[in-house]
Amino acid sequence: MPRIKSPALLVAESGADREGHGLRRSMGLFQLICFGVGAIVGTGIFVGLSDSVAQAGPAVVVSFVLAAITCVFTAFAFAELGGAIPVSGSSYSFAYAGLGETTAFLVGWCLLLEYGVSVSAVAVGWSQYVNELLDSLLGVQLPAALSASPGDGGAVNLPAVLVIAMAAALLVRGVRESARATAAMAVLKLAILVAFCAIGLSAFRDGNLMPFAPAGIAGIGAGTTAAFFSYIGFDAITTAGEEARNPRRDIPVAILVCIGVVTVLYCAVALAAIGAIGGDAVGGQPAALSYVVDEVTGSGVGGGIVAFGAVVAIASVVLAVMYGQSRILMSMSRDGLIPGVFEKVSPRTATPVAGTLIIAVVFAVPAAFSSLDAVVNLCTIGTLAVMAAVNVAVIALRRREPELPRTFRVPLYPVLPLLGVGCCLYLMYETGWTTWLQFAAFLAAGLLVYLGYGRRRSRLARVTPDADATDAVPQPV
């Protein structure tokens with residue numbers, strides 16, 4: 001029998017429904033929405049737009065919508081499970097309740113890719129826009145030796161390390177401070193992106209959208225895979241399950257609002273950029289939005305403002321994603337599957353200080369010395385695998401726990417969860433066979449870690465060895 005932990009046991013062990021737990025409930029619905037926007041909107045649109053446009057051309061709008069549809073199917077699943085199981089473990093905890101310990105560990109292992117690689121990649125993108133901002137304001141740039149990895153012609157990317165260090169410092173101060181900073185940064189970057197749309201649409205030309213799909217369906221499919229990276233992070237909202245004031249109500253609402261807002265924004269930005277200067281000009285531009293504004297206005301001032309917005313936006317992604325990673329590792333540590341240092345919460349700040357600092361160091365190393373282009377697809381396929389597992393967990397829990405209190409239910413069940421799985425598998429296929437081989441090796445390494453460490457130290461196994469723990473505690477009312 002698989003080791004399955006019931007939703008009631010997950011909530012009881014986390015202390016999510018009782019006072020006096022180490023984490024403090026301080027996030028309302030607005031903070032959760034801002035946290036979600038902070039986790040999503042960053043490198044994907046400020047830096048990665050050019051890659052998506054290079055693949056799909058003006059049809060990148062379709063790619064963004066298709067990527068969003070995949071996310072919406074899974075967002076419904078996250079909304080149902082986030083409201084029913086309001087704990088910090090997110091996908092890992094959902095898989096533990098629905099699919100068992102082995103799958104849960106591998107989901108947690110994949111989340112290291114989603115959060116770890118994305119934070120490092122985002123930090124590298126932050127460095128690019130810092131140089132763009134300095135060039136716009138002062139006419140200078142940091143020397144390549146100190147602002148680029150060896151693969152990009154430098155020695156060490158110090159700005160990338162700096163943004164990770166700043167995020168870690170803010171996170172260990174407390175979740176209230178982190179939430180306020182994330183909210184402020186989210187509002188600022190949304191305002192700058194709306195202003196960008198206004199500038200781009202002022203120079204809109206219909207002819208710039210033709211040919212609409214120069215690479216055909218294949219280009220749209222490849223563009224969808226590239227665009228999907230722009231949505232990574234929305235699931236981080238569920239990692240705030242133990243620090244939200246009303247998680248069962250607010251988490252589902254925050255997830256769906258974030259996906260809707262971000263999709264409309266991405267499509268508007270893409271149309272404004274391409275309509276202003278054409279798809280060929282946007283594709284291949286590392287700081288595409290600043291370039292568009294400079295071309296439209298004929299001045300570097302607007303580009304500098306966009307660069308400032310990108311610096312703020314990308315910093316907020318680092319902050320939000322590092323927050324999510326620390327909470328997931330805390331949940332895995334509580335279960336005994338990884339070392340206990342990650343579950344320790346500071347009584348003074350009510351945050352996992354040691355775990356956060358360890359994460360900062362581990363993420364800073366690849367950010368400093370790698371361009372990470374080679375592993376972006378690996379990050380994407382790992383994220384898609386997690387999303388597929390969450391959709392399957394919804395189906396499994398509907399069958400195993402039909403009476404589980406759910407504040408939100410996936411509509412058109414089981415059609416939408418199955419469509420979510422299908423969309424994830426399609427986008428995984430689009431990453432290519434090389435990425436599949438890398439992913440298989442990554443999963444094999446994770447399985448070895450679980451068998452060699454986690455399985456023997458599992459706290460669930462000490463109570464119910466190789467058994468189902470669905471009846472370990474009574475269901476909550």
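No value in this document is a laboratory result; all are computed from the given coordinates. Computed from a prediction, not measured in an experiment: that's the story for all the values here. Positions of Cβ are backbone-derived with ideal geometry, glycine not excepted, and every protein chain shown enters the neighbour counts.
Along its principal axes, region 330-426 has C-alpha extents of 44, 39, 21 angstrom, given from the largest down. Coordinate range of the alpha-carbon atoms in region 102-182 per principal axis, descending: 52, 34, 16 Å.
Please state, rounded to one decimal and in Å, the Kirkwood hydrodynamic radius that region 218-357 gives when every pair of distinct Cα atoms enters the mean of 1/r.
Values: mean 1/r = 0.0553 Å⁻¹.
About 18.1 Å, per the Kirkwood formula over Cα pairs.
Here Arg25 and Ala444 are evaluated by their C-beta separation; at R0 = 45 Å the FRET efficiency comes out at 0.70. Membrane-span-like helices of the chain, defined as complete DSSP H segments with a Cα extent of 20 Å or more along the helix axis and a mean Kyte hydropathy of at least 0.0, are identified as 60-84, 118-138, 158-173, 175-202, 247-277, 300-334, 353-369, 376-400, 415-430, 433-449.
For each of Trp109, Trp126, Trp436, count neighbouring Cβ atoms within 10 Å of the residue's Cβ, then give the residues from fewest to most.
Values: Trp109 23, Trp126 28, Trp436 15.
With the fewest neighbours first, Trp109, Trp126, Trp436 line up as Trp436, Trp109, Trp126.
In this rough spin-label picture, where each label sits 7 Å from Cα along the Cβ direction, the Leu451-Ser346 distance is 4.0 nm. Multiplying each eigenvalue of the alpha-carbon gyration tensor of region 281-353 by 5 and taking the square root yields semi-axes of 43, 14, 5 Å, largest first, rounded to whole angstroms.
Which residues make up the longest stretch of the chain that has no GluC sites (Glu not before Pro) in a DSSP loop with at most 11 other Cβ atoms within 10 Å? Write down the numbers at each step before the final one.
On the way: sites that count: Glu19, Glu403.
Between the exposed loop sites, the longest stretch runs 20-402.
Sum -39500 (n - 2.57) across every DSSP H segment of at least 4 residues in the chain, then divide by the residue count to get the 222 nm mean residue ellipticity, nearest 500. Mind dumping the intermediate values first?
Values: 21 runs with 318 residues, N = 477.
Mean residue ellipticity at 222 nm (helix-derived): -22000 deg cm²/dmol.
Peptides 264-271, 334-341 ordered by packing proxy, namely the average of other Cβ atoms within 10 Å per residue, highest first: 264-271, 334-341.
Our summary gives the chain a relative contact order of 34 percent, counting only alpha carbon pairs under 8 angstrom and 6 or more residues apart. Can you bin region 15-152 into rounded, prolate or oblate? Criterion: square roots of the alpha carbon gyration tensor eigenvalues sorted a ≥ b ≥ c, rounded for a/c under 1.5, prolate for a/b above b/c, oblate for the rest. It comes out prolate by the Cα gyration axes.
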